[in-house]
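A short worksheet on the structure shown next.
The values are calculated or read from the model by the stated rules, or taken from the named source; none is laboratory data. Quantities reported herein were computed from a predicted structural model and do not represent experimental measurements. Positions of Cβ are generated from backbone atoms using ideal geometry, with glycine treated the same way; all protein chains shown enter the neighbour counts.
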Amino acid sequence: MAEPPRVPAFLAKIRAHHAPQTVQTAPIDSTTPSSTQSPVHAGGNQTASTSTSATGPNGATTPTTVIPIAPPPNALYLPPPAVPTVEEDLVPPENFAAVTHGVYRCGFPKRRNFKFLETLQLKTVLTLVLEDYPEANLQWCQDQDIQFMQFGIPGNKEPFDNIPEDVICSALVAILDKRNHPLLIHCNKGKHRTGCLIGCIRRLQSWSLTSIFDEYRRFSAPKSRAVDQQFIDLFSLAPVWAEVVEKGGGLANLPDWLMLTLPLPLQALREAQRETEAQRATERERRVANGNNGAGGGGGGPARIEMLDIEPLPGVGYEIAAR
């Protein structure tokens, strides 16, 4: 059975103030009826006053009458204010935030965060920790049909303890494949290693360094690291784009980010690929139409659709400036 709603404090005070009161009336003759009917509140229900007789030491009968005193109708009978229902088990992880469309960041997810993360309908969890991933988190990923990617990198605490650029590059290639979205990026606290990776994403989105460092410091405060900001500044984007084309999802699977800026050679390559795909689609439609009209249908049979033999595009160099 559902628990009754809690009475607000202001309404409890009103009820206590207008609670039924016991009053003593003057002695009456025993022939007087023990109860009388009297309306209490003209605007509400008609309530009868009840009397009980008590015999005093001199033999006189003194009735004790309970007279309910009706409160103002607009005070007592107002419904209690609606109490908003909050899902107490929807707890976001530490440092959780949306990075861009289809990409989120946070600290290490714990059991109490699983319900919240399920609302994101994630496809991929990308972790930057070096240690073995907890069995409970792996089981949760399996239960939710979420692919798990681990690009372990050490924390960049000292100048000689550098973040491996090849690992960051591989992580960026996975992030730039929209088939992995929605995607969650995390390390232990969601501050430094995650901040470096997010800073490189902002470089891909052509953010200014001032905006990139401001975002990094907001999440890493109060322990922002100059070496992390130096890494973001000096990281080369050329190998990332090269791996996207050669090993990653290709230009066709790049995410639809408004701020994503491709180098000029890759922009030309993507436009050429789009034109090629459009030509192939047009040719397929033409062949199907000719088959339906009886041309090339082999005596009225179904038309055989063949892929076009298009010459490969000329090679495009990937000597792209880092900025």
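Scanning the range 236-294 for residues that are within 36 Å of the chain's Cα centre (by Cα), of a type in the set (S, T, N, Q) and assigned to a helix (DSSP H, G or I) turns up Asn253, Gln267, Gln273. For Gly195, state whether it is in contact with a helix residue (DSSP H, G or I) (Cβ under 8 Å, 6 or more places away or on another chain), on the phi > 0 side of the Ramachandran plot and crowded, with 20+ Cβ neighbours inside 10 Å. Spelling it out, it is not the case that Gly195 is in contact with a helix residue (DSSP H, G or I) (Cβ under 8 Å, 6 or more places away or on another chain), on the phi > 0 side of the Ramachandran plot and crowded, with 20+ Cβ neighbours inside 10 Å.
If you filter the range 198-219 down to residues that are under 23 Å from Trp241 (Cβ atoms) and among the hydroxyl-bearing types (Ser, Thr, Tyr), you find that the one that is surrounded by the most Cβ atoms within 10 Å (Cβ to Cβ) is Tyr216.
Residue under question is Phe148, and the condition is that it be among the hydrophobic types (A, V, I, L, M, F, W, C), free of Cβ contacts under 8 Å to residues at least 40 places away in the same chain and touching a helix residue (DSSP H, G or I) at 6+ places or on another chain (Cβ under 7 Å); does it hold? Considered against the rule, which asks whether it is among the hydrophobic types (A, V, I, L, M, F, W, C), free of Cβ contacts under 8 Å to residues at least 40 places away in the same chain and touching a helix residue (DSSP H, G or I) at 6+ places or on another chain (Cβ under 7 Å), Phe148 comes out as yes. Under the condition of being charged (D, E, K, R) and over 25 Å from Val103 (Cα atoms), the residues counted in the range 236-291 number 10. Scanning the range 180-191 for residues that are more than 15 Å from Ala97 (Cβ to Cβ) and at pLDDT below 95 yields one hit, Asn188.
Taken together, Cys106, Cys169 contain a single residue that is over 14 Å from the mean Cα position of the chain (by Cα), under 26 Å from Leu260 (Cα atoms) and surrounded by 19 or more Cβ atoms within 10 Å (Cβ to Cβ), which is Cys169. Among the residues of the range 126-139, those identified as touching a residue at least 60 places away in the same chain (Cβ under 8 Å) and either touching a helix residue (DSSP H, G or I) at 6+ places or on another chain (Cβ under 6 Å) or not hydrophobic (A, V, I, L, M, F, W, C) (or both) are Thr127, Leu128.
Cβ-Cβ distances below 9 Å connect the following pairs, each with a first residue in the range 227-241 that is over 13 Å from Val167 (Cα atoms), a second residue that is part of a loop (DSSP other than H, G, I, E, B) and among the acidic types (Asp, Glu), and a separation of six or more residues or different chains: Val227/Glu158; Val227/Asp161; Ala238/Glu319.
Scanning the range 157-165 for residues that are crowded, with 19+ Cβ neighbours inside 10 Å, of a type in the set (Val, Ile, Thr) and under 22 Å from the mean Cα position of the chain (by Cα) turns up nothing.
Of all the numbered requirements in (1) in contact with a Gly (Cβ under 8 Å, 6 or more places away or on another chain); (2) exposed (fewer than 14 other Cβ atoms within 10 Å of the Cβ); (3) modelled with pLDDT of 85 or more, Glu285 misses one, and that requirement is (1).
For Leu117, which of the numbered conditions (1) assigned to a helix (DSSP H, G or I); (2) farther than 28 Å from Asp228 by Cβ; (3) touching a residue at least 40 places away in the same chain (Cβ under 8 Å) fails to hold? Single failed check for Leu117: (2). Name the single residue that is farthest from Asp166 (Cα to Cα) among those in the range 197-226 being in a helix (DSSP H, G or I), more than 26 Å from the chain's Cα centre (by Cα) and of a type outside the set (Gly, Ala, Ser). Ranking the candidates gives Thr210 first. Residue check: is Phe151 more than 22 Å from the chain's Cα centre (by Cα) and modelled with pLDDT of 95 or more? Answer is yes for this residue.
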